[in-house]
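Worksheet: one structure, shown below.
The values are calculated or read from the model by the stated rules, or taken from the named source; none is laboratory data. Quick caveat: nothing in here was measured; it's all calculated off a predicted structure. Using ideal geometry, Cβ is built from the backbone for each residue, glycine included, and neighbour counts are taken over all protein chains shown.
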Amino acid sequence: MLGAAAPSSVVQTPQVRARLLAHAPQGVPVARQGDAAARQQQPVWVGLELAHQPGWHTYWKNSGDSGLPTELYWDLPPGVQAGDVVWPPPRRIPVGTLVNYGYEGTVLLPVPLTVAPDYQPGPFADGMEIKLRANWLVCRVECIPQTGEFALKLPLQSSTALHGAAFEAALRAQPQPLDGAAQQQAQVSANGQRLAVRIAGLPQALQGRDLALFAETPGVLLNAAEPAAAGQALTGHTWRQQWDGAVWTADWPVAPERQASPAVLPFVLVAGDQAWRAEVAVSGAWPAVAQAASVSPALEAALQANANAASAAAQGASVVAATLPAAAWPLALLGALLGGMALNLMPCVFPVLSIKVLGFARHAQDARARRVCAMAYSAGVVLSFVALGALLLLLRAAGGQLGWGFQLQSPWVVAALAALFTVLGLNLAGLFEFGRWLPTGVASLQARHPAADALLSGVLAVAIASPCTAPFMGASVGLTIALPAAQALGVFVALGVGMALPYALAAWIPQVARCLPRAGPWLDVFRKAMAFPMFGTTVWLVWVLGQQSGIDGAATLLALLVLLGMLLWALSLAGRARWAMGLVAAACIAFLGGVWGDNIGDHPAPAAATGDAAGRWRAWSQQAVQEALAQDKPVFVDFTAAWCVTCQYNKKTTLSSKEVLQAMDARGVQTFRADWTRQDAAISAELNRLGRSGVPVYLLIAPDGSHQVLSEVLSAADVLRALRAL
């Protein structure tokens, strides 16, 4: 499975972009009184389009020596039936000594739908639901089995013709049937080693031209046979074609491991962009067949060599060796510990530092309270890291394409965090006090149990820190993909311990406490000043949402935050004004959320996917990178996200440095930006392949394909040093 999300019309893997398309120019033929027969004749087509990355291919109905044909399993409403795939003509794809039959580039596999006169979509239905599960094997040298779940809805009344040109081209390319079956014959040689084919009825314009021949029945002819040179005697691995007047003839070797003895062989003959299909009667006695194999020996060897990689690649995940060095886990723990400590210095954690500093100030002279709060804060941090890591591992095991910081790829999570930081900021600024409108037992919780407040501060710290990838942390988190679940969770525990360690040590070291001033009036001023980092975080989160959902989503969130502030202020009032203003604010929130709330979850306009406005940074794709490398140009890839503050800092400093950009231009470096702000399976798979699980990641690829991953905290010196090493 390529993801646990609900099926859509598109499935993306690092090797293939698959789409379920439809073509119904007159809509779905729903039978109505008096016109059932006429409506039943209207064409309805669906098809799976496979767009392959350069060098990759999938297979025809006869896959050749080492492949498997693409399989389509339809889930259709009662009264609707899918026909056979209209297979486009394949091409020969040599792989070493083997020859496969398949497709490169982009191919559409059309399928006709038959809608019976008794098809009834229901009184309130506005479309016909179509679901598809497709299996395909994509190969370069290695082979990766993949599966996709697709769904789309065909409107009943309106036309569906957006992809009409693709369907028309595919149907024009389908092999045309030949007449004159009596003149289409094949003769098995006396020793059963060769097959002599005679086909008549081909267009006169083809006479004298060489044709390509493909047998639809697998395991009968030798796929890797090569044309014999003029005057050369035929061998067990060569074939010859010629014209006998208007009849095309071919002499082809039979496969040594033949698996069938057909009385009729369907052939496809191809000349240029035209193809014909002939069902040829076979005469002569076939010798005994070889023992059938469910998978060809070549494919079995290829799949065995990729046994550990195939299932991960089928989900778009990276290929990580199943056996890791014995020192890998201890090194991962050490890297996670150091990375967790470094998280405290990341810009995204600065707002939470204000809460921690405020807690220090409150308990500066109370060693016991300070230590209890430190332990509670540490527990909140560690438990949150473990919970987040467990969720990440569970979702990945279910097929999700996720990475570190995945929760901020959801606009709704970003909006919820913006609301939380707005509430915290307004509370610190003194606009309201929780004790004014919460029940007495709840309001006194912090006073009676400050440890609970510290634990929640630890949870908040992880929520806002998790989008960052600190030095030493990236490789450790990326390694969790290959580790057993218990060891992987140990890495997340080490991350939490590292992040909480400085705060815990400070709480237990008396010298730190003696440096803090005693509580007094200044503490109220300090508390209100700490509101501004919270508001700054809200500004950042609104900007992140704008990158994900566009300006309308950001504007809707801002309006809701204003109304939220109004509601909190109203709840701080006394008497009837509290309830009157509170009801007005709540009604406005409900109305605005109901009318424009969907703006928050909307996808951005396609233009937002471009690399940058100046055109220096191109949007990343594996195909674009391979094209640049094919032109003998180095490639630099910036894996980034709007919610990653470290990414934005590096982008505005190092990656905008005049010195760095000039050095890239001098070496002809092609720059790409992989934006992970919203979930992207292809980017997730590439990060995993690099042994990383979050951003930022900076990748420099030499023209020969060798690469190096630079530090998360990027400096101009790092980039210049790497460029000089090209």
Reported set for segment 627-647 where residues are modelled with pLDDT under 85 and under 19 Å from Ser684 (Cβ atoms) is Ala641, Ala642, Trp643, Cys644, Thr646, Cys647
Expected single match for more than 28 Å from the chain's Cα centre (by Cα), closer than 25 Å to Glu71 by Cβ and in contact (Cβ under 8 Å) with a residue 40 or more places away in the chain among Leu152, Leu113, Leu206 is Leu113
Reported set for segment 172-190 where residues are assigned to a helix (DSSP H, G or I) and over 14 Å from Ala278 (Cβ atoms) is Arg172, Ala173
Scanning segment 90-109 residue by residue, those surrounded by 21 or more Cβ atoms within 10 Å (Cβ to Cβ) and farther than 17 Å from Gly148 by Cβ turn out to be Pro90, Ile93, Asn100, Tyr101, Gly102
Scanning segment 147-162 residue by residue, the ones that are in contact with a Lys or Arg (Cβ under 9 Å, 6 or more places away or on another chain) and of a type outside the set (Val, Ile, Thr) total 5
Pairs returned, first residue in segment 172-192 that is over 27 Å from Val85 (Cα atoms) and modelled with pLDDT under 85, second residue that is β-branched (Val, Ile, Thr) and surrounded by 15 or more Cβ atoms within 10 Å (Cβ to Cβ), beta-carbon separation under 9 angstrom, 6 or more apart or interchain, are Gln183/Ile199; Gln183/Val247; Gly192/Val254
For segment 268-286 the number of residues that are out of contact with any Asp or Glu (no Cβ under 7 Å at 6 or more places or on another chain) and assigned to a strand (DSSP E or B) is 13
* To do: Would you confirm whether any residue within segment 97-108 is modelled with pLDDT under 85 and either under 25 Å from the mean Cα position of the chain (by Cα) or farther than 19 Å from His163 by Cβ (or both)?
  => yes
